[in-house]
Every structure is written in C-alpha cells, then in structure tokens.
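In what follows, a single structure is set out as structure tokens and then discussed.
A short reminder: the numbers here are calculations on the coordinates, not readings from a lab. Note that the coordinates shown come from a computational prediction; the quantities given were computed from them, not determined experimentally. Note that each Cβ is placed from the backbone with ideal geometry, even for glycine, and that neighbours are counted across all protein chains shown.
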C-alpha cells in the first residue's frame, strides 16, 4: 500500500492544473482550485451513476491520547446535521430523496466520505456534500447519541479473542505513539467526546488545501470542474499547512526484540503475532513494491513457507503482510500453531525467516506469478468505479495519486534482488515485536512465564 511526491502547479482558466501527474490514465482528469482543493474526475459511462468522495489528511496519525478515536467519531458526525440540514432525520430524508448510498471510513492516514447516486442527481449531491464537509453543526444531543455507537464498534472488536493480542502488540510496536496507529480509539475518550473537540479537529484538518474531491462515473470532466469551482471555490483555505503546524512525530525504531504473553481465557488455541517496522512512502518507495510482491509469494499454498508450516501440520494458519504507509508501514506475521507442536512451530518459523533472502527460496515462476496475480487483482478492482475510488483516495492519503496510477508498472519491475534487499533491510536479523495469546491453562501446561521460554 503506497507514496508522496510534491506537485507542480500551473494556473489555467481559474484552476491550478496538476501538471506533475504525468501518469494519469486516459479517463482521469485532475485539477486544483485556487484554495488548494484537489479535484479528480474519473470518467466511466458504463452505468448512469456517479460517486462523490471527499478525503481528508486526517486519521489516528494526527491524534494524541486525548483525541484517540475522535477522527473516527468525526466521520460519524459527518452524516448528521449541518447548516442546511437541521437534524440527522432530515439528513436521512435527503439521502432517500436523492437516492444516495453513503458511507465513510477512517484509517491511520486518511478519512473519506462518499455518496453514490443517480447521475441525474449529481448537482444536488455535490451541494449536499459541500454542506456536510464545510458546515457541520455537531449538535450536542446528536453527539450524545453517537458516542456510544462508535464505542459499540470498539466493543464488538474487543469480543474477538485476538483483539487483546493485537492491542498488546501495537503498544510494543509503537511505544508512546501507540495511539497514532490506533484508529479504533480509547473507550473513555470516545464516550466523553464533546462538540468542542469535533470543532478542534475541524479547525486543524478540514480545509480545502488538506483535501481531495473525487467525482467518478457517467460525467464529463470539464463540466464537473466548472460545477466544483462554483460550489467549492469560496471554501477558504486554512492559510497554513497542518502538518507543519502540528508535525507527525516519527516512530521510534525498535532497538531490541520485545516479547510478551497475552492471557485470554476464551482462547482455545494459541495465536502468535510478530512484527517489524517496514518501509514508508516518504523514504523507501522501492521497498514498498517488493514488500507487496513478497507478501503474495508467502501467501500462496505452493510457497516453501506454507508447505513447511501448514502442510506439515505445524500450524493451522499462517498470514504474512505489509501495510504501505507514509509513516512507517508495519510488517506483520500472524499464525495459529498446532498446540501440540507449539515449540516446533515457532522454531520452524524462525528457520524460515532466516531463509527468506536466499537465492533459491522462491522460484522465478513464483516471482512472476505473484506479480501477474497482483496486476490482475488491480484490474479487477477497477471493475466497479464506485468502489475503486476508495482505493484511489487511500493512496492519495498514504502516498500520492501517482503512486496508485504507476503501481502496476512498478510491480512489474520488482526483482529477486529487490525482495532480498527488502528482507535484509527490514526483517532478517532486525529487532522485532513477538507475542503469543493463550489461556492460563495453556500457559500452565507448557510451564512458561515468558515468550522466550518457548525456544528453550
């Protein structure tokens, strides 16, 4: 997942044309309003629908402990009262009138909001989105109603036996900055959130020069650019860069192995989680592509990794992946060992990791298959425009639009050496976080008090 490249600007007919976007597909058209709002139009006349999506550089990476989870709460409050819509009931009525399907998501590095509607209602949809993004009211009663709803999502996540393992893992991975990788938030912060805190978030991040507006579907870009300029052109820029005014702190590197045991009495089998700090799109773009390809190789049933662990009966399940981020992408290995062969499983994992950079660890065919399948997956993702624009804004948030539009070309360039460099730079022999979730009975049976004892 993906990059950050400064954009060159050119004033053209009242718009700033984004000249630096050299690799846009033929149906992508991008411009920038004078207030800094980036506007992307994706023309797709396959169905008479349009999707309007606005994304903001916001999310848990902007949060300290007093605000953890409030970017997510803000996302929920977006779909409520604003200066043109007096209540959530009126909001939902307007949604029905316009035939809108709507939602939003919050990740580490981006919050997005989207409407999909009949193209004949696009003008009204653009006005509706404009009111919601610029003029939320944050009514106190609506806040009181929504706080427990968002916290309820947290509680549902907590019901997963592995939740506590991931919480402990993240705290050790990110240290004092743990909350910046924790979009789900903190109970007390969510439940006690106030309209004033929502307005604080708005005053920091909800500005045109920190946002992108995407309109995709059966539309013509020149018409859309004019409509957007007329509607959003008077949205005042902040006059500051929020990430210069409130810089994102860098995550402290893992200096030595950190291990732990998480106890959960509901766990019937052990879960093991290991992780490393990986590349990011500001400092090592090339490694992010290698990371995606290598993750795919390891995930295939034909890989040495799967055969040595799952096919051998040492583990029930093994998952390995990398999340591309602008600020330190995590590399994560999750597996469910056979409880009867726990120690053998752990030792085999370590043996495998030490082999990952060997010339013969995977074949040329496996490398090419991984690249081909990732390319095919990208093609399939584009079949439904209303869905894949979420991917576009995700990469806008964690990388750039260029990263997304050149992703396939860069995947095809990944070599065995690139993967070896990635493994040697970020994984093999590098400090990591490793933990295991088990019940008290399991721990007692094994007679262990620490994770490291499992290797004795």
Sites residue 265 and residue 368 - FRET efficiency at Förster radius 45 Å, r taken between beta-carbons, to 0.05: 0.45
Solvent-free Debye scattering, log10 I(q)/I(0), computed from the Cα coordinates of segment 33-245 at q = 0.16 Å⁻¹: -1.10
Spin-label model distance (nm) - residue 196 vs residue 441, 7 Å beyond Cα toward Cβ: 5.1 nm
Fewest-first ranking of 108, 222, using other Cβ atoms within 10 Å as the exposure measure: 222, 108
76, 277 arranged by Cβ crowding within 10 Å, fewest neighbours leading: 76, 277
Footprinting exposure proxy for 324, 226 (fewest neighbouring C-beta atoms within 10 Å first): 226, 324
Solution diffusion estimate, µm²/s, Stokes-Einstein, the chain, Kirkwood Rh from C-alpha pairs, 25 °C, viscosity 0.890 mPa s: 103 µm²/s
Separation in nanometres of the label points that stand 7 Å from Cα toward Cβ, at residue 299 and residue 160: 1.5 nm
Centre separation in Å (Cα based) which lies between segment 130-166 and segment 359-403: 31 Å
Segment 21-156: C-alpha gyration tensor shape, a/c 1.5 cut-off, then a/b vs b/c: oblate
Where labels lie 7 Å past Cα in the beta-carbon direction, separation of residue 34 and residue 137 in nm: 3.3 nm
Segments 172-179, 68-75 sorted - mean Cβ within 10 Å per residue, highest first: 68-75, 172-179
Gain in span if fully extended, residue 84 to residue 119, counting 0.36 nm per residue against the direct Cα distance: 10.4 nm
